[in-house]
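The values are calculated or read from the model by the stated rules, or taken from the named source; none is laboratory data. Every value quoted in this text rests on a predicted model; they were computed, and no experiment measured them. Note that each Cβ is placed from the backbone with ideal geometry, even for glycine, and that neighbours are counted across all protein chains shown.
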Amino acid sequence: MKILGISSYYHDSAACLIVDGEIVAAAQEERFTRKKHDSGFPCFAVKYCLKEAGIDIKDIDYVSYYEKPLIKFERILDTYVSFAPKGFSSFVRSMPDWLKNKLFIKKTIEKELNAIDNTELKAKILFVEHHESHAASAFYCSPYKKSAIITMDGVGESTTTSIGIGDGNNINFLKEITFPHSLGLLYSAFTYYLGFKVNSGEYKVMGLAPYGKPKYVDLIKKHIIDIKNDGSYRMNMDYFGYCTGLVMTNKKFDLLFGASPRKPEASLTQREMDIAASLQAITDEIVLKTAYYAKKITGLENLCMAGGVALNCVANGKIINQKIFNNVWIQPASGDAGGAIGSALSIWYRYLNNIREVDGSDKMRGSYLGVSFSNNEILNYLNSKNIPFSYFDDDLLVDKVSDILIDGMVVGWFQGRMEFGPRALGNRSIIGDARKQKMQSVMNLKIKFRESFRPFAPSVLRERVSEYFDINCDSPYMLIVGNVLKNRRTKLSENQNKLEGIDLLNVPHSDIPAVTHVDYSARIQTVHKNTNKKYWNLIKRFEDKTGCATIINTSFNVRGEPIVCTPADAFTCFVRTGIDFLVLGNYIIDKKQVENFKDVSDWKKDFKLD
């Protein structure tokens, strides 16, 4: 039984192929089109999934779509009527897209899939509600037979937050919060106000928060949101513009915070940092109260999470730290892309009523579900471009690369299957030595070309994580924030303790300063030998030589660019940036040997700043 899952037409379009209940392939469209957060129909992602399985469109039995557009359209109409005549121009502008693609999505799916390989689609097309897709992507991929489920995002059809129970092959929803009240949209509204791009820059706000103090929490609670003890909330819509579709916040919001929204790329002040810190505190409170309430009404020991808010690893870390549940599993592609997986699995288990077997491991395979390139394919590419290289077998490769890292060099690391979801997890990564204080600024400004305040994540051997951080659980998908252990922290001087905001950036906070944020936190990836042996071997070899089992891991891309997909993408990024060495499979390319390959195009013209 072959089920093709699809998400599209909002942001982060993706496709997933399930064969007899197992995830065979999954990928986001942006990786192929090189358009970040591509919302178009995922033609290239579908082609990849079919190729990975060696099948054609005619072989698909079911196609699942990650939401029910007709119900969503009804909510949009209801919202327009409620707020009319405000938002009329926005409503009119949105209609062509709805009439062309979204409202008649079944015909659109048939047309797009039939055009992919010129064979006729015979599959039945089914639609799964948005938050069911989120819940299914979390629970059915989790290692738990029975679990509480929390989904939180901007909005699906109408649901914005839900609590449910997953049991065997079934999911039952117990509580929900509906539009316009939405923690995801609240976070996006502040993202907009702070001058970052909605549906893209929310993680920047999370990274900015530790530089500030939560001075605005009381103001936000007094005027903007009423939070109940069970985690439910009501928002004062007088301060927001997203119901009418024009802007996320309005003039009343500006007056409350004493200024207009920050212009993109403008200097960041302590005020923005304090607002970010306040927003994160509000988010933490809601997420924690929701988790406690989910525990209360389900009585279960396990929790699964999905939806865009589940990518807020700071809040996730607080759930872990509070020990509300014995076990927590978070879908690595918690955003809309993961809806492709969830909708397909929902068809397999809920619609087709297949038995769900649990063996103690999750079903995401480390999230390494994307396209891969053999050494022969890489060699053909290198030879076709006359790129000089050196070849090393696996053992010599990790030995050579570990030495390069120790020498303070930055490495573009391209291996195996591409990751599914927003995180690079050691197959499409830029890596460096976490012990070197200047590595953060070098990577941010000279390689990633992004804001200097943004922290980097540590990749740490799973068996060593509790020797560096205050967690002792799996975090393979970089979705949990923990704190660096006190015995590894650097004692600050009296003058350093007086510093605030961005002035803290250049102060080393631990013996792994390049991955330690200014509040001693870190977004942790535990590396497991059974899911990524080569990456684990590299870090282990680095540890054998240095005594340190942690390295820097950031996504292989520049600002505004999707994570690299192909060897050509990786080489282009390599020559455009300050990366010192590129490792493609078992081939190493030295920047000094490719000076004549300088890319003449400007990456800023190719990619819009996010």
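The table below lists the values:
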item	result
Flag for Val558 being over 19 Å from Gln440 (Cα atoms), under 22 Å from the mean Cα position of the chain (by Cα) and part of a loop (DSSP other than H, G, I, E, B)	no
Residues of the stretch 6-37 satisfying the condition of being part of a strand (DSSP E or B) and either of a type in the set (Gly, Ala, Ser) or more than 18 Å from the chain's Cα centre (by Cα) (or both)	Ser7, Ala14, Ala15, Leu17, Ile18, Val19, Glu22, Ile23, Val24, Ala25, Ala26, Ala27
Failed item, numbered, when Arg576 is tested on (1) at negative phi; (2) at pLDDT below 95; (3) under 22 Å from the mean Cα position of the chain (by Cα)	(3)
Residue list for the stretch 357-384, filter: in contact (Cβ under 8 Å) with a residue 60 or more places away in the chain, surrounded by 12 or more Cβ atoms within 10 Å (Cβ to Cβ) and of a type in the set (Gly, Ala, Ser)	Gly366, Ser367, Gly370
Residue satisfying all of: in the stretch 244-253; surrounded by fewer than 18 Cβ atoms within 10 Å (Cβ to Cβ) and in contact (Cβ under 8 Å) with a residue 40 or more places away in the chain; farthest from His517 (Cα to Cα) among these	Leu246
Tally of residues being exposed (fewer than 15 other Cβ atoms within 10 Å of the Cβ) and either over 8 Å from Lys289 (Cβ atoms) or β-branched (Val, Ile, Thr) (or both) across the stretch 224-235	2
Looking only at the stretch 117-150, and only at residues there that are part of a loop (DSSP other than H, G, I, E, B) and touching a Gly at 6+ places or on another chain (Cβ under 9 Å), the one that is farthest from Lys289 (Cα to Cα)	Val128
Qualifying residue in the stretch 536-552 (condition: in contact (Cβ under 8 Å) with a residue 60 or more places away in the chain, in a loop (DSSP other than H, G, I, E, B) and over 26 Å from the mean Cα position of the chain (by Cα))	yes
Qualifying residue in the stretch 583-600 (condition: within 23 Å of the chain's Cα centre (by Cα) and touching a residue at least 24 places away in the same chain (Cβ under 8 Å))	no
Evaluation of Ala189 against (1) surrounded by fewer than 22 Cβ atoms within 10 Å (Cβ to Cβ); (2) in the same structural domain as Tyr242 (by TED's automatic domain parsing); (3) among the hydrophobic types (A, V, I, L, M, F, W, C) (one fails), failing number	(1)
Selection count where residues are out of contact with any Ser or Thr (no Cβ under 9 Å at 6 or more places or on another chain) and either surrounded by 16 or more Cβ atoms within 10 Å (Cβ to Cβ) or farther than 30 Å from Leu208 by Cβ (or both), scope the stretch 320-329	3
Glu265 being surrounded by fewer than 19 Cβ atoms within 10 Å (Cβ to Cβ) and in the same structural domain as Ile319 (by TED's automatic domain parsing)	yes
Near pairs, Cβ below 6 angstrom, 6+ apart or cross-chain, from the stretch 10-24 (in the same structural domain as Asn354 (by TED's automatic domain parsing)) to any residue that is β-branched (Val, Ile, Thr)	Ala15/Ile6; Ala15/Val46; Cys16/Ile341; Leu17/Val24; Ile18/Ile3
Asp544 out of contact with any strand residue (DSSP E or B) (no Cβ under 9 Å at 6 or more places or on another chain) and not small (Gly, Ala, Ser)	yes
Restricting the stretch 63-77 to residues that are surrounded by fewer than 24 Cβ atoms within 10 Å (Cβ to Cβ) and either closer than 27 Å to Lys197 by Cβ or more than 27 Å from the chain's Cα centre (by Cα) (or both), the residue that is modelled with the highest pLDDT	Pro69
Members of the stretch 253-290 found to be touching a strand residue (DSSP E or B) at 6+ places or on another chain (Cβ under 8 Å) and of a type in the set (Val, Ile, Thr), listed by number	Ile282, Ile286, Val287, Thr290
Failed item, numbered, when Lys222 is tested on (1) within 30 Å of Phe453 (Cβ to Cβ); (2) in contact (Cβ under 8 Å) with a residue 12 or more places away in the chain	(2)
Filtered residues of the stretch 506-522 (kept if part of a loop (DSSP other than H, G, I, E, B), closer than 19 Å to Gly212 by Cα and not acidic (Asp, Glu))	Asn506, Val507, Pro508, His509, Thr516, His517, Val518, Tyr520
Number of the exception - Glu419 against (1) within 19 Å of the chain's Cα centre (by Cα); (2) surrounded by fewer than 17 Cβ atoms within 10 Å (Cβ to Cβ)	(2)
Number of the exception - Lys491 against (1) assigned to a loop (DSSP other than H, G, I, E, B); (2) in contact (Cβ under 8 Å) with a residue 12 or more places away in the chain	(2)
Scan of the stretch 172-186 for residues that are among the β-branched types (Val, Ile, Thr) and either free of Cβ contacts under 8 Å to residues at least 40 places away in the same chain or buried (at least 24 other Cβ atoms within 10 Å of the Cβ) (or both), ordered by number	Thr178
Number of the exception - Gly560 against (1) on the phi > 0 side of the Ramachandran plot; (2) surrounded by 15 or more Cβ atoms within 10 Å (Cβ to Cβ); (3) at pLDDT 95 or above	(3)
Test for Ile502: is it outside any loop (DSSP other than H, G, I, E, B) and more than 29 Å from Gly338 (Cα to Cα)	yes
Unique residue being at pLDDT below 95, among the hydrophobic types (A, V, I, L, M, F, W, C) and buried (at least 16 other Cβ atoms within 10 Å of the Cβ) when the list is Leu505, Leu538, Leu499	Leu505
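Here's the yes/no breakdown for (1) surrounded by fewer than 21 Cβ atoms within 10 Å (Cβ to Cβ); (2) more than 30 Å from Gly501 (Cα to Cα); (3) small (Gly, Ala, Ser):
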residue	(1), (2), (3)
Gln270	yes, no, no
Tyr292	yes, yes, no
Cys313	no, no, no
Lys318	yes, no, no
Pro332	no, yes, no
Ser343	no, yes, yes
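Residues are listed down the side, and each one gets a yes or a no for (1) more than 21 Å from the chain's Cα centre (by Cα); (2) at pLDDT 95 or above; (3) surrounded by fewer than 22 Cβ atoms within 10 Å (Cβ to Cβ):
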site: Lys400; (1), (2), (3): yes, yes, yes
site: Gly408; (1), (2), (3): yes, yes, yes
site: Gly426; (1), (2), (3): no, yes, no
site: Ala434; (1), (2), (3): yes, yes, no
site: Lys438; (1), (2), (3): yes, no, yes
site: Ser441; (1), (2), (3): yes, no, yes
site: Ser452; (1), (2), (3): no, no, yes
site: Pro458; (1), (2), (3): no, yes, no
site: Arg464; (1), (2), (3): yes, yes, yes
